[in-house]
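Report on one structure; see the data block that follows.
The values are calculated or read from the model by the stated rules, or taken from the named source; none is laboratory data. Note that the structure is predicted; figures quoted are calculated from it, not measured. Using ideal geometry, Cβ is built from the backbone for each residue, glycine included, and neighbour counts are taken over all protein chains shown.
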Amino acid sequence: MEISEAPFHPVVKRLCAMKGMKSFYPPQEEAIRKGILDGKNVLMVTQTASGKTFLAELIAVNNVLSGRGKTVYLTPLKALAIEKYSDFIEYERIGIRTIATMGDYDSSEPMLERYDIIVATYEKMDSILRHRPSWLSRVSLVIIDEIHYLDDEKRGPVLESLIAKLKSMKSDAQILGLSATVGNPEEISSWLDAELVLSSWRPIPLKEGVYYRGKIKFSDGEEKKISEPFSSPVLDLINDVISDGGQAIVFVNSRRRAVSLAQTVAKRLKMNKSSEAEELSKLIIESSEVQSLNEVLSEMIKNRVSFHHAGLTVEQRRMIEEGFRKGAINVIVATPTLAAGVNLPARRVIIESSERYVAGEGNSPIKVLEYKQFAGRAGRPGYDEYGEAILIAGDPVEVREMFSQYINGKPESIYSKMGSSSAFRSHLLSYIATLEKLRLEDIRGFVKNTLYSRQMSQESAKKLLSDSLRFLKEKGFIEEEGKYYKATSYGKYVSDLYIDPLSAELVKEAFSKKKRATDFSIMHIIAATPDMPKLSLKKKEFAKIDAAFVELIPEILLGLEDRDVSYEDILSEVKTALFLYDWINEVPEQEICEKYDLGPGDVYSFIESAAWIAYAIYKLSDVLEQAKQYSKKLEALSYRVKYGIKEELYELVSIPEIGRVRARNLYSSGFRSIEDIRKASVNELMRVRGIGERLAYRIKEYALKHSD
Ligand SMILES: Nc1ncnc2c1ncn2[C@@H]1O[C@H](COP(=O)(O)OP(=O)(O)OP(=O)(O)O)[C@@H](O)[C@H]1O
Ligand SMILES: [Mg+2]
């Protein structure tokens, strides 16, 4: 179908023409035929790179231009939300207002009223729904990208309850689900009440194959000999594609491996010099607070190679992806964080190992779904004529297994993860709190709208519901009033704070103790809540953390006796609390990263969760009698966790671009408040470490406006 003939708003057609896009891909055409433009729910389960995300972008823009209402665009990961936002921002020149929103979960975000397209993570949208902002009624299209995340332990239940809520609240918004890897598309589309578009068509051929002893065997029967100058399968495969002018992404199974392999590649493969790579290498040297990491990255990027994993900051990852897109970087060695949705010019994707270590389970094979997502990064439109995805086998038996398991395999079915009691009780409470007054039938109706209830036996769904209602009632989150269930003000409060009801219970319990709460006690409460991800505990650390635990017992308010957790979990909590304690006492990030074996990206994401919980605990002190006396301390700690500072720096970090390090430098040089900065000259400010001329002017300007 020619784009010019499709029933789109003329402006959309013109924009496509300007981008040189003439016709729709067959799966896109089928989606249009099936009513994607007429408000019908559609689930697209079509190949990687088949244009799902791009079609959704056009539908969103069309929706706005046709005056139908707002579009909400949901992605599982922040990085994808940011990428999508930068695509939508291009439409600003035709008057479409887009915003990306994430983090800060206790607001109805009234300012979103002003935007046409709202790009959000699943969590953020779930938290927004809890506040029922008035603009919700004007949302006419909800796009859910990478919908296979329904199967994810953490994000799945959030997305599922969000969809169930939309259905139960009788929203008439159109739902559009997108994924390349859903094994049970019929079941999911029937749950979504959606037309199904199913297709294996791909715009750029993707050749899948297995490498063994100098030869790639492709699924179409073709064989390709690879020269073996390195006698290392992965190096030879990289070398082969680079010498042919292509670029490669290698997926490995651990961060450690990503770094070490990238270093080996940088050292052993001869690449042509590139001035763009030199430039990027210089930029990256100041990309995080962790100098040792910056140096390692910078050195290898000079050689046009980089690793990519979640320990890097979001900004570093963006720089690396951009460098790869521009051809400055030729090889990226990545962990699975890179896999979903991104468009990169990889001619060859190499999957070094089809196994991954899972704590408690040992090595297990990766899912077919993951393999297909990895493979799908190769051969993206606009870059190469074809793409290759290569697995590496250790023996002939493995060659056959890899073909049957992965290349000819079908992605797994998506199963609801809502059955965990923690997920269920949180979302149940949020539903009751959002809808205010519900009969038991209404609540059952909500449960019926979940994927969980479709996939599980009626008995288990019934039992989960009655257990959860009992828990919520016993703990005072909900109450019965005649035939109705409603949230108590405490229940509503907890739901609005976007934390697990059990977290609130733990806080209550902790502050009921006769012990005095210290800074460490509170870091430990944060670490102990089910909302806080825990730092993993390594075997060799066991004795050290155990000793710290024994010493810290007087400050720990939530002991072993209170909870049903293993001793190992208790120790991970202690380790997590120690990390938070170092953070709020201004231990340098480099030192924290070494001590806890983290990257700056990890620090950022742990702190983001912790800051949210710290803030929620502070807010709970308004409604929990037991915690009231700590209200001031909790408020201060919530800032300290957010910024990683001692209390005295609080005023300084409120200045834009002043983080914990610069704030400390200013403070040590005698500038202790905004007022001090107002009185200082730019020259004096420039003498402070980390403050250049531009920044000195800016903070001075800020101080002039803001000091009182
Ligand atoms: N009709 C079209 N004509 C030309 N290029 C297109 C067309 N549709 C999409 N593209 C381009 O193809 C590339 C891949 O599209 P897109 O990212 O939407 O694929 P996808 O199906 O979402 O892939 P994934 O499953 O990996 O997320 C993008 O660069 C996009 O701009
Ligand atoms: Mg996509």
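Quick notes on this structure:
- Neighbours by Cβ (under 7 Å, 6+ apart or cross-chain): first from the range 568-584, among the polar types (S, T, N, Q); second buried (at least 19 other Cβ atoms within 10 Å of the Cβ) and part of a helix (DSSP H, G or I): THR576/ALA527
- Among the numbered conditions (1) acidic (Asp, Glu); (2) crowded, with 19+ Cβ neighbours inside 10 Å; (3) part of a loop (DSSP other than H, G, I, E, B), the only one that ASP106 does not meet is (2).
- Looking across SER495, SER457, SER521, one residue alone is under 27 Å from LYS167 (Cα atoms), small (Gly, Ala, Ser) and surrounded by 13 or more Cβ atoms within 10 Å (Cβ to Cβ). It is SER495.
- Screening SER86 with (1) more than 25 Å from the chain's Cα centre (by Cα); (2) surrounded by fewer than 16 Cβ atoms within 10 Å (Cβ to Cβ); (3) within 16 Å of ligand 2 (Cβ to nearest atom) gives one miss only, at (1).
- Taken over the range 171-198, the criterion of being away from ligand 2 (no atom under 14 Å from the Cβ), closer than 11 Å to VAL45 by Cβ and either part of a loop (DSSP other than H, G, I, E, B) or at pLDDT below 95 (or both) is satisfied by GLY183, ASN184, ALA194.
- Residue match in the range 51-59 (condition: crowded, with 20+ Cβ neighbours inside 10 Å, touching a residue at least 12 places away in the same chain (Cβ under 8 Å) and away from ligand 2 (no atom under 12 Å from the Cβ)): yes
- Which numbered condition VAL61 fails, given (1) touching a helix residue (DSSP H, G or I) at 6+ places or on another chain (Cβ under 9 Å); (2) more than 13 Å from ligand 1 (Cβ to nearest atom); (3) over 22 Å from MET111 (Cα atoms): (3)
- Inter-residue pairs, beta-carbon under 7 Å, first outside the structural domain of GLN373 (by TED's automatic domain parsing) and closer than 16 Å to LYS410 by Cβ and in the range 168-190, second more than 16 Å from ligand 2 (Cβ to nearest atom) and in a loop (DSSP other than H, G, I, E, B), 6+ apart: VAL182/ILE414; GLY183/LYS410; GLY183/GLU412; GLY183/SER413; GLY183/ILE414; ASN184/SER413; ASN184/ILE414; ILE188/ILE414
- A single entry from THR71, THR48 fulfils the requirement of being in a strand (DSSP E or B) and surrounded by 19 or more Cβ atoms within 10 Å (Cβ to Cβ): THR71.
- Failed item, numbered, when ALA100 is tested on (1) surrounded by fewer than 16 Cβ atoms within 10 Å (Cβ to Cβ); (2) not in a helix (DSSP H, G or I): (1)
- Odd one out for VAL397, checked against (1) within 16 Å of ligand 1 (Cβ to nearest atom); (2) free of Cβ contacts under 8 Å to residues at least 24 places away in the same chain: (1)
- Single residue of the range 183-222 satisfying the filter (under 27 Å from the mean Cα position of the chain (by Cα) and among the β-branched types (Val, Ile, Thr)) that is surrounded by the fewest Cβ atoms within 10 Å (Cβ to Cβ): ILE188
- Members of the range 241-263 found to be over 22 Å from TYR371 (Cα atoms) and either crowded, with 18+ Cβ neighbours inside 10 Å or hydrophobic (A, V, I, L, M, F, W, C) (or both), listed by number: ILE242
- Residues that are in contact with a Lys or Arg (Cβ under 9 Å, 6 or more places away or on another chain), part of a loop (DSSP other than H, G, I, E, B) and surrounded by 15 or more Cβ atoms within 10 Å (Cβ to Cβ) within the range 672-693 comprise ALA680, VAL688, ILE691, listed in sequence order.
- For the range 597-615, the criterion of being at positive phi, assigned to a loop (DSSP other than H, G, I, E, B) and not polar (S, T, N, Q) is met by at least one residue.
- Filter pass, ILE117 being buried (at least 24 other Cβ atoms within 10 Å of the Cβ), over 23 Å from GLU315 (Cβ atoms), more than 16 Å from ligand 2 (Cβ to nearest atom) and assigned by TED's automatic domain parsing to the domain that holds SER179: yes
- Selection status of ARG318, closer than 29 Å to ASP384 by Cα, modelled with pLDDT under 95 and either outside the structural domain of GLU83 (by TED's automatic domain parsing) or hydroxyl-bearing (Ser, Thr, Tyr) (or both): yes
- Selection count where residues are more than 16 Å from ligand 1 (Cβ to nearest atom), charged (D, E, K, R) and crowded, with 18+ Cβ neighbours inside 10 Å, scope the range 294-342: 3
- Condition broken by ALA547, with the remaining ones in (1) surrounded by fewer than 16 Cβ atoms within 10 Å (Cβ to Cβ); (2) within 22 Å of the chain's Cα centre (by Cα); (3) modelled with pLDDT of 95 or more satisfied: (2)
- Among the residues making up the range 29-44, those that are surrounded by 15 or more Cβ atoms within 10 Å (Cβ to Cβ) and either more than 12 Å from ligand 2 (Cβ to nearest atom) or farther than 22 Å from ASP193 by Cα (or both) are GLU29, GLU30, ALA31, ILE32, LYS34, ILE36, LEU37, LYS40, ASN41, VAL42, LEU43.
- Residue match in the range 139-148 (condition: assigned to a helix (DSSP H, G or I) and either away from ligand 1 (no atom under 16 Å from the Cβ) or touching a residue at least 40 places away in the same chain (Cβ under 8 Å) (or both)): yes
- Scanning the range 6-41 for residues that are away from ligand 1 (no atom under 13 Å from the Cβ) and within 20 Å of LEU65 (Cα to Cα) yields PRO7, HIS9, PRO10, VAL11, ARG14, GLY35, ILE36, LEU37, ASP38, GLY39, LYS40, ASN41.
- Condition met for LYS513 (without any contact (Cβ under 8 Å) to a residue 60 or more places away in the chain, closer than 24 Å to TYR615 by Cβ and among the charged types (D, E, K, R)): yes
- Filtered residue count, the range 448-463, keeping only those that are hydrophobic (A, V, I, L, M, F, W, C) and at pLDDT 95 or above: 1
- Considering (1) part of a helix (DSSP H, G or I); (2) under 26 Å from the mean Cα position of the chain (by Cα), the lone condition that LEU237 does not fulfil carries the number (2).
- Taking first residues from the range 5-25 that are within 19 Å of ASP38 (Cα to Cα) and partners that are more than 8 Å from ligand 1 (Cβ to nearest atom) and of a type in the set (Lys, Arg), the Cβ contacts under 8 Å between residues at least 6 apart in sequence or on separate chains come to ALA6/LYS13.
- Scanning the range 312-335 for residues that are in contact with a helix residue (DSSP H, G or I) (Cβ under 6 Å, 6 or more places away or on another chain) and within 16 Å of ligand 2 (Cβ to nearest atom) returns no hits.
- Residue within the range 497-506 that is over 30 Å from GLU109 (Cα atoms) and touching a residue at least 24 places away in the same chain (Cβ under 8 Å) present: no
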